[in-house]
Each structure stands twice: as structure tokens, then as C-alpha cells.
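Got a structure for you, written out below as C-alpha cells; questions coming shortly.
All of the numbers you see were taken from the coordinates with simple rules; none came from a lab. Everything numeric in this text was worked out from a predicted model, so none of it was measured. With ideal geometry, Cβ positions are generated from the backbone for all residues, glycine too; neighbour counts draw on all protein chains shown.
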Amino acid sequence: MQYETVILGAGAAGMMCAAHAGQDVLVVDHAKNPGEKIRISGGGRCNFTNMYASAENYLSQNPHFCKSALARYTQWDFIELVDRHGIAWHEKTLGQLFCDGSAKQIVAMLVAELKQAGAGLWLETRVGRISRGADDFTVELERNGKTQTLSCRNLVLATGGKSIPKMGATGLAYDIARQFGLPLIDTRAGLVPFTFPGERFKPLAGVALPARLSNTRASFDEALLFTHRGLSGPAVLQLSSYWHEGEEIRANLIPDGSLYETLRSQRQTSGRKEITTELAKHLPARLVEFLAPQLHLAGRLADYSDGALSTLCEALANWPLKPSGTEGYRTAEVTLGGISTDALSSKTLEAKTHPGLYAIGEAVDVTGWLGGYNFQWAWASGVAAGAAI
Ligand code: FDA
């Protein structure tokens, strides 16, 4: 059987590519349903893009690489598509756009677009050996217990990254890239909770507060959540993508910077109250209780001089923390690293050394922040490759 284009992976990038890749396209996936990650994304409502998406929101060895595709298929283009399909949406926070209803609407929209473009979709299909002839690729597939061999002029790697293997994530795109000699950037889990030794934060499990989490590379002002295993919440997930094993991070628990002055005025009106009681007006009480021994919090607020209040605020603004690790690919939202951008054209996502071979989406060494940026990269890189095919 012969196709012009075979796309491996019916996820966000693969389906978007199929909708733009012209005639004679087949999308292949080993899963039972297409777009499974879309379906579970954004708590079932899919944070499908971000109003402020730009190259600054992505990590890559080459931070300029994503610019071309993102500029040619923007968040506004995707919003226009969503509107065209009558899917209602809203901004939740920080430009993050979610479906009002269900993420399944986005999956259905992509399947409809793919079908309208005339592309075929083979699910529950195992990808076997791949080889290259003079002008085409040969792809062995196993479907309904039968082995089939296809040939195609264009082969698109859209099988995503390694995160959440339970949902069918594999390193197939990396294996095929390696087979064709494309360079790879080491992969690691991104947008993932931090773990700490000995259930350190167990007494705080469930406590959440706005915080600024930083290391030497990045800083994020978002919610921080304590869990049985460690730290989670948007600020943590964001920073995890900029964290390397063994490094320390800093938490600022009073990021708005007004606590010192506030405590000074409270001292005038409520100086006879316990410092912990007064502090618990600004921080979760369980957190104050947890921090009290290490910060030597005891006695009345009136006993705290300006200097002592300043020391306390400094400690709350600069809490050093050393994660023992992350929860890894088991719960990570994305995979950092992947197929090196050096190997690809930023305009078409085609391999420079192998005409007809493309890599798109999360398989490529372009990783977005939390907040709809990863889907925007999947859409944009899918369209860029599709338009070039
Ligand atoms: P994607 O993973 O979507 O698709 C890859 C496809 O390839 C899958 O269908 C898979 O079955 C198939 N495949 C894999 N190996 C194969 C093999 N060996 N043979 C055949 N097929 C194979 N991003 C965002 O912007 N907003 C959000 O709200 C969220 N939320 C979110 C929640 C959770 C829990 C996760 C895990 C991730 C997110 N993300 C997100 C990230 C986002 O889901 C991700 O970046 C994109 O889905 C990447 O799109 P791709 O098409 O590259 O891979």
C-alpha cells in the first residue's frame, strides 16, 4: 500500500498535521482512541492555548527555533478554529484558555478536521520496522493481527514524549530519530511535582498558598501546594522544568512584600496577641505551626522588635528547599529534551539530512511552560510540517 504521507501518532501534533498535509495521508496510533492526552488535559477541560504564547515561554537548546512555527500558526489561529467548531471557552487565569465543556470537544474537532482533509486514521496499530529506500520510506505495521507494509514519501514522527507511560507514551520518535542518525538532547521529566525525603511535608498535605518559587535560572509566582510526597502546584511544576538533580530551590511565602509593614501596624493594635496567631492571618495556620519551631516563633507580637520582624520576613521570603527528586515520567506533564532542533528546519520541521522525514510536537526539543503552551507548540509545529508536505 502506498501513501504520500504517514504520520506516526494521533495526538495533538499528529492530528493537526494531518488536517494540513494535503492528500493521501494516513495517521497511525497504537492507542484505542486518538488524542488521549488531550482528553485528560486541563482537568478534563483542556487548556488548549495561551493568549500570551511566545517563544519566551519555551525551553530548548535553541530558544529561537520555535519562533517561526509559532509565528505562522498563532494562538489566535487556534482560537478561530475552536470558534468555528462552536466550542465555548473561557480564560481561567494568566491567559490560559479552557473549554467551558469538555476536552473531548477538542479531540472531536481534530478528528473532524482530519477526516475533512481526507486523511485515514488507523488506531490499535503497532509500528514495526522502518526503513528508507531511494525516494520513500517503508513502514511495517501490525493491525488486526496482520502485518502490513506501507510505503510513503513523507514520514512524520508525532508520537510525543515519555511522560505518563501508563497512557501509552513511548520513546518511539527518539528510536526512529536515532535510527536515522538525528541527534538527541537528553530527556527528563518536566512540569512535575518535587519529592522530598521522609515525607517531610506530610503534616502540610493539602495546604496551598500563593508563592514565588525560584532557582538561579527562573522564578514563578503561582500557587504552591504541599502534598504527602512533597511539593506540587503550578509554581512547582513550572520551576521543575528548570531544575536539575541535587539543586536547591527557594520559596518566597510572602511574595507581595507587604508583610513587614503589616506586622508592624498589627503590633500597635494587637501586640498582646501571639505572634503565631497574628502570622496566621497572612499564611495558612498549619504552615505557621509547621514553621514555628524552625523559625523560633514564640511569644507575643509586641515582643518582636523591628529587627526581629525583619528577620522573620526575610526567612519567610527566602526558604531554602532541597528536593530529593521529582515524581518522574509517571506524573510529568511533559518531556524535556528530545530530537535536537539542530537536525530540523525551523520552518518545516523536516530533517535536514533526510528529506521527507519530519518531527513535530513534544518529540522535538521544544518544551512549553504550564498554561496551554505545549498544545500551542503541538498545533503550530503540526501545521508547519503539514503545510510543507
Ligand atoms: P501526544 O502525546 O499528544 O500524542 C502522541 C501520540 O502518539 C499518542 O496518541 C500516542 O498514543 C501515540 N504513540 C506513542 N507511542 C507510540 C507508538 N510506539 N506507536 C504508535 N503510537 C504511539 N499541555 C497543554 O498545553 N495544556 C494542558 O492543559 C495540558 N495538560 C496536560 C495534562 C496531562 C496529565 C499531561 C500528561 C499533559 C498535559 N499537557 C498539556 C501536555 C500535552 O498533552 C502535550 O504536550 C501534547 O499532547 C503533545 O502533543 P504530541 O502530539 O506531541 O504528543
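Calculate the dipole size of the stretch 145-274 relative to its Cα centre from +1 charges on Lys and Arg beta carbons and -1 charges on Asp and Glu beta carbons; express the result in debye to the nearest 20.
Working: 16 positive and 11 negative charges, 53 e Å.
Dipole magnitude for the stretch 145-274 comes out near 260 debye.
Ok, one more. Once you charge only the Cβ atoms, +1 for Lys and Arg and -1 for Asp and Glu, what is the size of the charge dipole of the chain about its Cα centre, to the nearest 20 debye? All intermediate terms of the calculation are to be shown ahead of the outcome.
Numbers: 37 positive and 38 negative charges, 135 e Å.
Computed about the Cα centre, the dipole is about 640 debye.
Which one of Thr125, Thr159, Thr326 has the biggest mean-square fluctuation once the chain is modelled by GNM with Cα springs under 10 Å?
With Cα springs under 10 Å in the chain, the top fluctuation among Thr125, Thr159, Thr326 is at Thr125.
Please build a GNM for the chain, connecting alpha carbons under 10 Å apart, and tell me which residue among Gln268, Gln23, Gln294 fluctuates the most.
The residue that fluctuates most here is Gln294.
Right, here's the next one. If you take all C-alpha pairs in the stretch 108-165, what percent of them are over 12 Å apart? Don't jump to the answer; show the numbers that get you there.
Details: 1248 of 1653 pairs.
When every Cα pair of the stretch 108-165 is considered, 75 percent fall beyond 12 Å.
Taking a ≥ b ≥ c as the square roots of the eigenvalues of the Cα gyration tensor of the stretch 138-192, is the shape rounded (a/c under 1.5), prolate (a/b larger than b/c) or oblate? Mind dumping the intermediate values first?
Numbers: a/c = 3.03, a/b = 1.46, b/c = 2.07.
Taking the square roots of the gyration eigenvalues as a ≥ b ≥ c, the stretch 138-192 is oblate.
A follow-up question, please. Could I get the Rg over Rh figure for the stretch 195-297? Both from C-alpha atoms, Rh via Kirkwood, rounded to two places. Don't skip to the end; give the middle numbers.
Numbers: Rg = 15.0 Å, Rh = 14.8 Å.
Rounded to two decimals, Rg over Rh is 1.01.
Distances longer than 19 Å among the Cα atoms of the stretch 210-264: what percent of all pairs is that?
Result: 30 percent of Cα pairs exceed 19 Å.
As a footprinting exposure proxy, order Ile130, Ile79, Ile106, Ile360 by other Cβ within 10 Å, with the fewest listed first.
Working: Ile130 20, Ile79 16, Ile106 28, Ile360 35.
If I rank by nearby Cβ atoms, fewest first, I get Ile79, Ile130, Ile106, Ile360.
Regarding the stretch 100-232, what's the average projected area of the Cα-atom convex hull, expressed in nm²? Please report the intermediate quantities before stating the final value.
Numbers: hull surface 55.0 nm².
That works out to 13.8 nm².
In whole Å, what are the Cα extents of the stretch 43-103 along the three principal axes, biggest one first?
37, 23, 16
Right, another one. Where does the charge balance sit around Gly22 when Lys and Arg score +1, Asp and Glu -1, over other residues with C-beta under 14 Å from its C-beta? Before the final figure, lay out each step's value.
Values: positive: Arg153; negative: Glu4, Asp24, Glu113.
The answer is -2.
Of the options Tyr73, Ser54, Ala251, report the single residue whose Cα projects farthest towards the positive end of the charge dipole of the chain (beta-carbon charges: Lys, Arg +1; Asp, Glu -1).
Looking along the dipole axis, the top candidate is Ala251.
Need one word for the stretch 264-389: rounded, prolate or oblate. Basis is the Cα gyration tensor (sqrt eigenvalues a ≥ b ≥ c); a/c below 1.5 gives rounded, then a/b vs b/c decides.
Values: a/c = 4.57, a/b = 3.81, b/c = 1.20.
It comes out prolate by the Cα gyration axes.
How far, in degrees from 0 to 90, does helix 104-116 lean away from the longest principal axis of the Cα atoms of the chain, to the nearest 10?
20 degrees
If you don't mind, there's one more thing I want to ask. How long are the three semi-axes of the equivalent ellipsoid of the stretch 153-224, in whole Å, if each is the root of 5 times an eigenvalue of the C-alpha gyration tensor, listed from largest down?
Details: eigenvalues 259, 49, 29 Å².
Each semi-axis is the square root of five times an eigenvalue, giving 36, 16, 12 Å.
Farthest toward the dipole's positive end in the stretch 288-362, which of Gln294, Asn318, Ala343, given Cβ charges of +1 (Lys, Arg) and -1 (Asp, Glu) about the Cα centre?
Positive-end residue among those listed: Ala343.
Can you give the Rg to Rh ratio of the stretch 4-161, both from alpha-carbon atoms, with Rh computed by the Kirkwood formula? Please report the intermediate quantities before stating the final value.
On the way: Rg = 16.9 Å, Rh = 16.9 Å.
Across the stretch 4-161, the Cα-based Rg/Rh ratio is 1.00.
Right, next: Would you list Thr74, Thr335 from fewest to most Cβ contacts within 10 Å?
Ranked by crowding around the Cβ, least crowded first: Thr74, Thr335.
Right, next: For the stretch 145-159, what does the Karplus curve 6.51 cos²θ - 1.76 cosθ + 1.60, with θ = phi - 60°, yield as ³J(HN,Hα) per residue in whole Hz, taken in order and with x for Gly and Pro?
For the stretch 145-159, the Karplus-derived couplings read x, 10, 8, 10, 10, 10, 10, 8, 6, 10, 10, 10, 8, 9, 8 Hz, x marking Gly and Pro.
I've got another one for you. Under the rule of at least 5 residues apart or a separate chain, name every residue whose amide H is placed under 5 Å from the amide H of Thr326.
Answer set, sorted by chain and number: Thr195.
Taking just the alpha-carbon atoms of the stretch 1-65, what radius of gyration and Dmax come out, in angstrom?
15.0, 44
Next question. Using Cα-only point scatterers and the Debye equation, what is log10 of I(q)/I(0) for the chain at each q in 0.06 Å⁻¹, rounded to two decimals?
Here log10 of I(q) over I(0) equals -0.29.
Treating each Cα of the stretch 271-345 as an identical point scatterer and ignoring solvent, apply the Debye formula and state log10 I(q)/I(0) at q = 0.20 Å⁻¹.
Scattering profile of the stretch 271-345, log10 relative to I(0): -0.90.
Mean residue ellipticity at 222 nm from the helices of the chain, using -39,500 (n - 2.57) per DSSP H segment of n ≥ 4 over the full residue count, to the nearest 500 deg cm²/dmol? Please report the intermediate quantities before stating the final value.
Working: 12 runs with 114 residues, N = 389.
My calculation for the chain gives -8500 deg cm²/dmol from helical runs alone.
About the Cα centre, and with charges only on the beta carbon of Lys, Arg (+1) and Asp, Glu (-1), how big is the dipole of the stretch 317-365? Nearest 20 debye, please.
Details: 4 positive and 6 negative charges, 18 e Å.
With Lys and Arg at +1 and Asp and Glu at -1, about 80 debye.
Near the amide H of Val27, under 5 Å away, which other amide H atoms are found, from residues 5 or more places off or on another chain, if H is placed in the peptide plane?
The answer is Ile7, Gly120, Leu121, Trp122.
Now for a different question. In what order do Ser258, Ser68 fall by count of nearby beta-carbon atoms within 10 Å, going from fewest to most?
On the way: Ser258 11, Ser68 17.
Fewest to most other Cβ atoms nearby, the residues stand as Ser258, Ser68.
Taking H as built 1.01 Å from N, whose amide H comes closer than 5 Å to the amide H of Tyr358, not counting residues under 5 places away?
Leu155, Val156, Leu157, Ala351
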